[in-house]
Amino acid sequence: PEARAAAAQADPAALLAGWARVARSVLTRSGPLQQMLRVAAEADPECAGLAETFRRQRLAGQALVARELASRGALAPGLTEEAALDTIYTLMSPEVHRLLTVERGLSADQYEDWLARALGPPGLASDRPLSTTDSSCPSR
């Protein structure tokens, strides 16, 4: 339900804020497990394979966010879909979540707010709202 609500947002900043909410929810539940798996992967090939599966799934899911912004013509000027994906993949990573919530002590709400600001205009998204039905004709 959270992912559908995020994807349904017409405004690029609201779309990214919705995905920040999804990342918070997922990483709050799975972040510690992913951290343990990354450590175990260094010593165990089976754990390494599972960690790689999680990484590929995360990349595929986050590619949808970049693709949605690009399809709406909502990427910041000069930003490619691939570069947007690199930013999304990095900022929404379990490693960054851990740095901010464990090492820096941010609450879940603070993490979500930080992520939404880091992803939103002027970073990834243009600050102009666009129609979800016709991205070829931006409003002026």
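Between R24, R98, R56, the Gaussian network model of the chain with springs among Cα atoms under 10 angstrom shows the greatest mean-square fluctuation at R56. Residues whose amide H comes within less than 5 Å of that of A125, counting only those at least five positions distant or on another chain, are A76 (H built at 1.01 Å from N in the peptide plane).
Summing +1 for each Lys or Arg and -1 for each Asp or Glu among the other residues whose beta-carbon sits under 14 angstrom from that of W114 gives +1. When Rg and the Kirkwood Rh are both derived from Cα coordinates, the Rg/Rh ratio for the chain amounts to 1.01.
In the context of the full set of protein chains, residues of the stretch 1-43 present 56 Å² of accessible surface per residue (probe radius 1.4 Å, heavy atoms only). Potential lengthening of the chain between T53 and A14 amounts to 11.1 nm, from the contour at 0.36 nm per residue minus the alpha-carbon distance. The stretch 18-50 and the stretch 76-113 have Cα centres separated by 15 Å. Label separation (R104 vs L33): 2.6 nm, computed from points 7 Å beyond Cα along the C-beta direction.
The values are calculated or read from the model by the stated rules, or taken from the named source; none is laboratory data. Just so it is clear, the structure is predicted and the values come from calculations on it, not from any experiment. Neighbour counts run over all protein chains shown; Cβ positions are idealised from the backbone, glycine included. Quick note on the areas: whole protein, heavy atoms, side chains included, nothing else; ligands and nucleic acids left out. Shrake-Rupley method; radii C 1.70, N 1.55, O 1.52, S 1.80 Å.
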